[in-house]
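Below: one structure, written as structure tokens.
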Amino acid sequence: FARDSMWDLVSAEGSTAVFELTDNEKTRAIWDYPFKATYTVDLADDQLKTKLEVLNTGDKPFDFTGALHSYFDVSNINDVKICGPFKGQNIIDRMQSPPATITADSDDIKITTETDQIVPGVVGAVKIEDAGKAKSLMIKSTQGWK
């Protein structure tokens, strides 16, 4: 619901902007918990840094996930691979019903079909390489890859 909600711009200084979303009638109709979410975006010369913080402002504990999806314009999915420390890691394949755990047999992942996978044991840098465009994108995570 957060991606479809109106966030308030709290501050903008230099290359950094801070946005805030708090619970309201619309959010409580979907998810009935009081909260404050803060999303910080920092644009640097050669990178984009984002940070999402969620504060429980109520008395009941809650769990949440932050699906911060990035999009990478590719030439053709057949020319793309995702490179990282994947070999031997468990991958949760959520396209299967029920979701199944598979083990990566390579450090490179190729997308060959519709995919919804989580690689929770991998943190750090992962590179998306597009041979068709001769481009790559380095991304970093401290929480694991989805």
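The values are calculated or read from the model by the stated rules, or taken from the named source; none is laboratory data. Remember, it's a predicted structure, so these values are computed and weren't measured experimentally. Because the Cβ atoms are built from the backbone with ideal geometry, glycine has one as well, and the counts that use them run over all protein chains shown. These area figures cover heavy atoms from the full protein model, side chains too; ligands, DNA and RNA do not enter into them. Shrake-Rupley method; radii C 1.70, N 1.55, O 1.52, S 1.80 Å.
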Round to the nearest 0.05 the FRET efficiency obtained for ASP107 and PHE1 when R0 = 41 Å and r is the Cβ-Cβ distance. 0.70
Here, GluC sites (Glu not before Pro) of the range 53-146 satisfying both criteria (DSSP loop; at most 10 other Cβ within 10 Å) are GLU114
The FRET efficiency for SER136 and LYS87, from their Cβ-Cβ distance with R0 = 22 Å and rounded to 0.05, is 0.70
Ranking MET6, MET95 from most to least accessible area with a 1.4 Å probe gives MET6, MET95
Extension length gain for ILE30 and ASP59 (0.36 nm per residue less Cα distance), in nm, is 8.6 nm
Full-extension gain in nm, ASP8 to ILE118, via 0.36 nm per residue minus C-alpha separation: 36.6 nm
Inter-probe distance in nm under a simple model that places probes 7 Å from Cα toward Cβ, at ASN78 and LEU52: 3.4
Quick one: if the Förster radius is 22 Å, what FRET efficiency do SER97 and ALA67 give, using the C-beta to C-beta distance and rounding to 0.05? 0.65
Members of LYS36/LYS140; LYS49/LYS110; LYS36/LYS110; LYS26/LYS133 lying beyond 32 Å, as alpha-carbon distances in this model show: LYS36/LYS110; LYS26/LYS133
Let me know the charge dipole size of the range 1-104 about its Cα centre in debye, to the nearest 20, where only the beta-carbon of Lys, Arg (+1) and Asp, Glu (-1) is charged. 420
Here are some values of Cα extents along the principal axes in Å: [x] 45, 42, 23; [y] 92, 31, 21; [z] 45, 33, 25. Which one was computed from this structure? [x]
